[in-house]
Every structure is written in structure tokens, then in C-alpha cells.
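Below is one structure, written out as C-alpha cells, with a few remarks after it.
The values are calculated or read from the model by the stated rules, or taken from the named source; none is laboratory data. Quick caveat: nothing in here was measured; it's all calculated off a predicted structure. All Cβ positions, glycine included, derive from the backbone under ideal geometry; neighbour counts span all protein chains shown. Just the protein is used for accessible areas: all its heavy atoms, side chains included, with ligands, DNA and RNA removed. Shrake-Rupley method; radii C 1.70, N 1.55, O 1.52, S 1.80 Å.
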Amino acid sequence: SYASPERGKWTGRKQYAGMRWAFERMSGSDGDYVRGLPGEMEIALDGGVAVYLTHRLEDPAACFRERTAQLIVGGHTHRPEELRLHGRRSLNPGSVGLNMSGGFQAEYGLVEIENGRLHSELIRAPYREEALTAFLKEVDDEAALNWFQMLLASQARGVNYAAELFRL
């Protein structure tokens, strides 16, 4: 369940209503799917490249010591970062929908393998601000509008206010 509306600076009535609006639009199978995802996994890509995938990648250097994978991919911070060490690399692609690195943009990573060699790139693509502005003008649901305003405030300030609700 999500956080109590009585706690935290961003759990005021409007923001809480926005969070509730977002969760109510997930179908039961969407929630089941998300809850059923593993927190981490290892896979082998073409050419035998070993990849370790995790949601929470807080210390890439420690992960390099603990894992043998050539590529470590993780996130959680919503901030893009790439680290290369001894022919291996870690990649945090950022966030398509709620970046914490500033700027009004989607962030993602692209990984290619050519002849057993890794190539990776962090990509930033600006949102179409005019399309979002037009969409927000059409929103006829106060809770939805509060949700989108919270996301925009998160991006502008580099603070994930939605995550603040879950930490309570």
C-alpha cells in the first residue's frame, strides 16, 4: 500500500490524491506483473557477454568486486551514470518518465555488442513541452493534474517526491 496522507511534506491532500489517481489506473494484472519482477537477474547476450541487471545500483564499484559480469545495469536513482573499469562497465540509464538529473527530458541507455565488444551510450531526449502543456490543459481531473504537477516539480527540483511517499 502507499504511504499515509498524514506523513511527510509531500503527502498533503492534493499530492496524495495524485498518487492515488496514478495507482488506480493500474490494472490488477499490471500490479501483479510489477510485483512479480525479480529484483536482480543475470543473463548472457550474443557473443557470451554476461549482464547483471538490478533495480538498485548504489555502489557500482562494489558490484564490480562481487560480480563477474561484463556489464552491470541498474537504476533506482533516476540519474544517468556510466562507469568503466578494467574493460567492464556499469550503466544507470536514468529515467524516461521521472529523471532526477535536471532538465525536461527522457533518459535511457543503448547497449550494442559487436564482435563480442560492448558499446554503450546514454541518451537524453527532450520532452515535447508543447504537447505536455496542451495535454495538461485538457485534464479534467484534479487528482490527475496534481500527479502531473508533482512529477514536474520533481524534475524541476531534482527530488523524487513520489519516492518520498514510499519512504514514510
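Points to keep in mind about this one:
- Amide H contacts of Thr77: Leu57, each under 5 Å away and 5 or more positions distant or on a separate chain (H built 1.01 Å from N in the peptide plane; Pro and chain starts excluded).
- With a Förster radius of 35 Å applied to the beta-carbon distance between Lys137 and Val111, the computed FRET efficiency rounds to 0.40.
- The label point for Gln149 and the one for Ser27, both projected 7 Å from the Cα toward the Cβ, are 3.2 nm apart.
- Taken over region 22-168, the percentage of Cα pairs per 10 Å bin, counting from 0 up to the bin with the maximum distance, is 10, 32, 33, 19, 6, 0.
- Fully extending the segment from His76 to Ala156, taken as 0.36 nm per residue of separation minus the present Cα-Cα distance, adds 27.0 nm.
- Accessible carbon and sulfur surface of region 32-75 relative to its total accessible area, %, 1.4 Å: 52 percent
- Solvent-accessible area of region 86-156 (1.4 angstrom probe, protein heavy atoms only): carbon and sulfur portion equals 51 percent.
- Residues of region 46-168: accessible area per residue with a 1.4 Å probe, Å²: 59 Å²
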